[in-house]
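Below is one structure, written out as structure tokens; the observations come after it.
The values are calculated or read from the model by the stated rules, or taken from the named source; none is laboratory data. Computed from a predicted structure; not experimentally measured. Cβ sites come from the backbone with ideal geometry, for glycine too, and all protein chains shown count toward neighbours.
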Amino acid sequence: MKHGEKPVTHLRLAIVGSGPAGYTAAIYAARAELKPVVIAGAAFGGQLMITTEVENYPGFPEGVSGPELIEMFQKQAERFGARVLFEDATAIDFSARPFAIETDSESFRADAVVVATGAQAKWLGLPSEEKYVNRGVSACATCDGALYRGRRIAVVGGGDTAMEEALFLTRFASQVLVIHRRGDLRASKIMAERARSHEKIEFVWHSEVVEVLGDDKAATGVRVRDVRTGAVSTLEIGALFVAIGHKPNTDLFRGVLDLNPQGYLLTQPGSTRTKVAGVFACGDAMDPVYRQAVTAAGTGCMAALDAERWLAAHE
């Protein structure tokens, strides 16, 4: 069947996104004979693709690189019959079933859909920051903090995330510098108080990072500017953690599915069901709290089971 020039494929289940959530959903759905298609995206694999060393995913006592883990997820899904398409979903229509999903080369009509589009860390947007990502610059303390034991570490941000990261990093760092562009914290009272009273944490107020400094191998410092005076100074550090928030990749679903004010997909408590019957959400696109590969995989499993049961009830 053709739709314009593109082939139209009818599916029982389409999975949009290819991080741990999308691939886990695919493994479960494929084993349940649902023959899912994973619309993996052009930038497939999610945040694990920019994570060099994953040391906290169960089953890998020696650690594993993020891209390697994603490749294993993909092979496992394909082994059971999932098909993976490395294109972005460019348009969706959830107003009628089967649901319509478009990519550049194909049109899909799916009886059920699992949304696993993930999230991305917000970055400062400096070329020097990009240069040192995974070489001293990170957006995840739980992922990378232990790599910088005994060093002086800086955290950028003033919200709860930044305070959580700073407090977590005190386990490894000799000192933690919190760099914040204002003179007070956005963080909740309790988190701010905890950070302020910690002997290892120092605050660099009214300051913004203008450049990450380093050698060929790794970051060695940051240049910060006082936003009031414009004075620039250099701080020597072993690592910089950017903690200015995350942005879920949910723009495609705005006005179609319910989102919270930050843009995360809302699901019914205790399930992965969205407000549209037959559409399920999992992974970091609906999880502003935990944001770990293993929790994303867990909700991916839930979404596949929810979809499978829903399809069985609606055949």
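Scanning the range 208-265 for residues that are among the acidic types (Asp, Glu) and not in a strand (DSSP E or B) yields 215, 216, 251, 258.
Between 154, 146, 166, which is modelled with pLDDT under 95 and over 19 Å from the mean Cα position of the chain (by Cα)?
146
Looking only at the range 65-79, residues that are out of contact with any Ser or Thr (no Cβ under 9 Å at 6 or more places or on another chain) and surrounded by 17 or more Cβ atoms within 10 Å (Cβ to Cβ) come to 0 in all. Can you find even one residue in the range 129-139 that is crowded, with 20+ Cβ neighbours inside 10 Å, part of a helix (DSSP H, G or I) and within 18 Å of the chain's Cα centre (by Cα)? Looking for residues that are crowded, with 20+ Cβ neighbours inside 10 Å, part of a helix (DSSP H, G or I) and within 18 Å of the chain's Cα centre (by Cα), one finds none in the range 129-139, hence no. Does residue 299 fit the bill of being surrounded by 23 or more Cβ atoms within 10 Å (Cβ to Cβ) and at negative phi? Taking the combined requirement at face value, the residue satisfies it.
Of the residues making up the range 25-58, those that are over 30 Å from residue 148 (Cα atoms) and within 15 Å of the chain's Cα centre (by Cα) are 40, 41.
Conditions tested, residue by residue: (1) surrounded by 20 or more Cβ atoms within 10 Å (Cβ to Cβ); (2) hydroxyl-bearing (Ser, Thr, Tyr); (3) assigned by TED's automatic domain parsing to the domain that holds residue 26.
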residue	(1), (2), (3)
127	no, no, no
148	yes, yes, no
157	yes, no, no
177	yes, no, no
186	no, no, no
191	no, no, no
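For the range 86-95, the set of residues classified as without any contact (Cβ under 8 Å) to a residue 40 or more places away in the chain and either in contact with a Pro (Cβ under 9 Å, 6 or more places away or on another chain) or over 15 Å from residue 257 (Cβ atoms) (or both) consists of 90 only. Report yes if some residue within the range 198-208 is over 24 Å from residue 120 (Cβ atoms), acidic (Asp, Glu) and not assigned by TED's automatic domain parsing to the domain that holds residue 288; otherwise report no. Yes.
Which members of the range 220-265 meet the condition of being touching a residue at least 24 places away in the same chain (Cβ under 8 Å), of a type in the set (S, T, N, Q) and out of contact with any helix residue (DSSP H, G or I) (no Cβ under 9 Å at 6 or more places or on another chain)? Give the derivation first.
At the first step, the residues of the range 220-265 found to be touching a residue at least 24 places away in the same chain (Cβ under 8 Å) are 220, 222, 224, 227, 235-250, 252-253, 256-257, 260, 262, 264-265.
From what is left, the residues that are of a type in the set (S, T, N, Q) are 220, 249-250, 260, 262.
Answer for the range 220-265, where residues must be touching a residue at least 24 places away in the same chain (Cβ under 8 Å), of a type in the set (S, T, N, Q) and out of contact with any helix residue (DSSP H, G or I) (no Cβ under 9 Å at 6 or more places or on another chain): 220, 260, 262.
Being surrounded by 16 or more Cβ atoms within 10 Å (Cβ to Cβ), at pLDDT 95 or above and either not assigned by TED's automatic domain parsing to the domain that holds residue 283 or not in a strand (DSSP E or B) (or both) is a description that applies to residue 29. The residues of the range 28-39 that are out of contact with any Gly (no Cβ under 7 Å at 6 or more places or on another chain) and closer than 12 Å to residue 16 by Cβ, listed by number, are 36, 37, 39.
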